[in-house]
Amino acid sequence: MSHLKTALFDFHKASGAKLVPFAGYEMPVQYPLGIAGEHTHVRTKAGIFDVSHMGQFSIIGDETVCKQLEQIVPIDLSLLKLNQSKYSYLMNDKGGIDDDLIVTKLEDRISIVLNAGCKHNDIKQIKTVFKQPAEFVLHDELSLIALQGPKAVSILESFIPGVSNLKFMNGGSFSFKDKSVYVTRSGYTGEDGFEVSIANELAQTFCETLLTNTDVAMIGLGARDSLRLEAGLCLYGHDLNPEISPIEADLVFGITKHRRETCDFIGGSVVKDHLTNGIKKKRVGIQPEGTIIARENAKVFKDDKEIGLVTSGGYGPSVSAAVAMGYVDFNCSEVGTSVELEVRGKKYPAKVCLLPFYKKSYAK
Amino acid sequence: MSEVKYSKKHEWVSVDGDVGTVGITKHATEQLGDIVFAEVPDAGKALTNGGEAAVVESVKAASDVYTPVTGEVVEGNAAIVAEPALINQDPEGKGWFFKIKITSPDELAALMSKADYDKFVEENPS
C-alpha cells in the first residue's frame, strides 16, 4: 500500500528527514538534528511541525450546527466565543472516546482538527447525528503547520503581524504573502505556540520563511511524541481508545461543567455512571525511580499483583529522566503510590505521580 | 596491537589474547541517535554468539546489543550505565559494553574486517 504525502513531503526529504509510515502517511520522524536535539530546540527556541496529516474539518451551517454536534462532542458549543478553541472528544455509545480533537468556533462554521488515523471514521460518526442540513468539508487543500516554543510568538509576529495578540486557545484570520491564513494559539508540546492553517501551495514557502530565522528548526514526530509525553498529553490510539471513558482518562475538563450533570450526549449514561459510582482504572503519570525506561505495554505491578499497563513511556530530555503514563487500578492511582514496572522480565520501582512532568505557562 | 572485527549486527569486538571487548559501531550510534540508557551484562554471565547481551535505548526506542562471540562475561562497562552519552561520544573506545572471555576463537574468522564492514554499511543503508 502506498502512503499518502503531505504538501511538504519533498521539502521534508530535501531537509534530510527520516520518513516513516504514520497513520497512513509518510511522515518525518526526525531530521538531522535528532530527536533529543529537536526536543530541546522546541523547549528553548522554536520548531516547525508538519501536522497536515491531521484532518481539518468544517461543519458549515446555521445555528443548529452547534446543537447537533453537541450530541457527540460533550462541550457546550454555544458557550464558545467566536474564534475560541476547546479541547474535547468524540464520544461513542459505550462511553468511550472515538477521537480527541480541538474545536474552534468561526462565524459560519465549526472547525475541528481530527487525528489523522481517525479522521474518516470520525466524519462518518459525526454525520450520523446530523438530522438538519449542514455542509461537511474535509480540507485536503489546506496544510497545518505548527510553530512551537518560547520564541514562537516573536518569530511568527515578525512574519504575520498581529498573532502575538492572540490568547491561548484562540484564533483569527491573518495574512501571509497576501493570502489568508487561519492561526490559532495552540499546540501539543507543552510550549507556547501556534498552528497555522494555510493553502498547500504556500506551505513550503511558509516554512522556508520561518526558517530564515536561525532560531527555527524542523521537528519530526519523534520529538513531538517526547514533548507531548513530558507535557502529560494523550496520544490517541495509545493513551486513549474507544474502550476508555473520559473519566478513566482523567480528561473530564473536555466535558462542559453543566453537561457533566445532564450527560446528554452519546455514551452519557456510562459517563454518568463513572462520575457517580466511580471508576475501576485511571490514567496516571508514572515516574520510574531509577534510570530504567518503561515503554508502551510495560506491565505495572503492586505487591506482585498486576494492576495496570503503561500506554506511553520513554525518556524525557527536558526532565532528564524516564517518564511514563498509563492506566492503573483506581485504588492504586493516588499520587505517591509505590508500584513496579516490568521491563524485559525484571521489575523496577516507580511511583504514581502528577502530570505533567514538564510545565510551562501559556499566554493567557 | 589488538585486532578489531565487525558483525553484520553492527557490533565490534577488539581481541586481546583470549579476551574480547565488545561495543556497537559508530554507524550504529548514528542510526540510534542520542543514547539515554544502557544495560550491560554482569561478570560471569555465559553468552552465545548472536545472542542478546546488552540493551541500548535512545529517546525513540530500545534495541538489543548482541554478542558477536561466545564466551563468559569478564566485566560490564559501568561507565556507560552511569553516562550513556559516552556511547555516542566514543562508540569504539570509552563506549564499550562488555569484556568477554572468548571460548570459541574460531568464530572470529566469520566476522568482518574494518574495510569489509564499511563496505557492508555502504551496501546496506538502513
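The values are calculated or read from the model by the stated rules, or taken from the named source; none is laboratory data. Predicted, not measured: the structure shown is a model, and the values here were computed from it. Here Cβ is always computed from backbone atoms with ideal geometry, including for glycine, and neighbour counts include all displayed protein chains.
State which residue is nearest to A:LEU8 (Cα to Cα) when the search covers only region A:141-160 and only residues that are over 19 Å from the mean Cα position of the chain (by Cα) and in contact (Cβ under 8 Å) with a residue 12 or more places away in the chain. By that ranking, first place goes to A:GLU141. So, of the residues in region B:55-103 that are acidic (Asp, Glu) and away from chain A (no Cβ under 13 Å), which turns out to be farthest from B:THR25 (Cα to Cα)? The residue in question is B:GLU72.
Of the residues making up region B:28-46, just one is more than 13 Å from chain A (Cβ to nearest Cβ) and either modelled with pLDDT under 95 or assigned to a helix (DSSP H, G or I) (or both), namely B:ALA28.
For region A:284-309, filtering for residues that are within 12 Å of another protein chain (Cβ to nearest Cβ) and closer than 11 Å to A:ALA322 by Cα leaves 7.
Checked against (1) outside the structural domain of A:GLU191 (by TED's automatic domain parsing); (2) touching a strand residue (DSSP E or B) at 6+ places or on another chain (Cβ under 6 Å), A:GLN71 passes all but a single condition, namely (2). Residues in region A:310-323 that are free of Cβ contacts under 8 Å to residues at least 40 places away in the same chain and closer than 17 Å to B:ALA62 by Cβ: 3 in all. Tell me, please, whether a residue that is in contact (Cβ under 8 Å) with a residue 60 or more places away in the chain and in contact with an Asp or Glu (Cβ under 7 Å, 6 or more places away or on another chain) can be found in region B:53-69. Yes, because at least one residue in region B:53-69 is in contact (Cβ under 8 Å) with a residue 60 or more places away in the chain and in contact with an Asp or Glu (Cβ under 7 Å, 6 or more places away or on another chain). Select from region A:84-97 the residues that are buried (at least 19 other Cβ atoms within 10 Å of the Cβ) and over 14 Å from the mean Cα position of the chain (by Cα) and list them in ascending order. Correct list: A:MET91, A:GLY95, A:GLY96. Hey, does region B:5-20 have a residue that's buried (at least 20 other Cβ atoms within 10 Å of the Cβ), out of contact with any Pro (no Cβ under 8 Å at 6 or more places or on another chain) and within 10 Å of another protein chain (Cβ to nearest Cβ)? Scanning region B:5-20, I find no residue that is buried (at least 20 other Cβ atoms within 10 Å of the Cβ), out of contact with any Pro (no Cβ under 8 Å at 6 or more places or on another chain) and within 10 Å of another protein chain (Cβ to nearest Cβ), so the answer is no. For the residues A:ASP264, A:ASP250, the requirement of being more than 14 Å from every other protein chain (Cβ to nearest Cβ) and under 17 Å from A:VAL328 (Cα atoms) singles out A:ASP250. Scoring B:GLY76 on the criteria (1) surrounded by 20 or more Cβ atoms within 10 Å (Cβ to Cβ); (2) of a type in the set (Gly, Ala, Ser); (3) in contact with a Ser or Thr (Cβ under 9 Å, 6 or more places away or on another chain) leaves a single failure, condition (3).
Among the residues making up region B:65-81, those that are over 14 Å from B:VAL55 (Cα atoms) and either at pLDDT below 95 or outside any loop (DSSP other than H, G, I, E, B) (or both) are B:GLY71, B:GLU72, B:VAL73, B:VAL74, B:GLU75, B:ALA79.
Each residue in region A:277-309 was checked for being surrounded by 14 or more Cβ atoms within 10 Å (Cβ to Cβ) and either without any contact (Cβ under 8 Å) to a residue 24 or more places away in the chain or over 20 Å from A:ILE97 (Cα atoms) (or both), and 16 of them qualify. Only strands (runs of 3 or more DSSP E) whose full extent lies in region A:1-64 are considered here, and the ones with at least 2 residues that are in contact with a His (Cβ under 9 Å, 6 or more places away or on another chain), of a type outside the set (D, E, K, R) and surrounded by fewer than 23 Cβ atoms within 10 Å (Cβ to Cβ) are A:18-22, A:55-60. Scanning region A:74-105 for residues that are in contact with a strand residue (DSSP E or B) (Cβ under 8 Å, 6 or more places away or on another chain) and farther than 19 Å from A:VAL271 by Cβ turns up A:LEU80, A:LYS81, A:LEU82, A:ASN83, A:GLN84, A:SER85, A:ILE102, A:THR104, A:LYS105.
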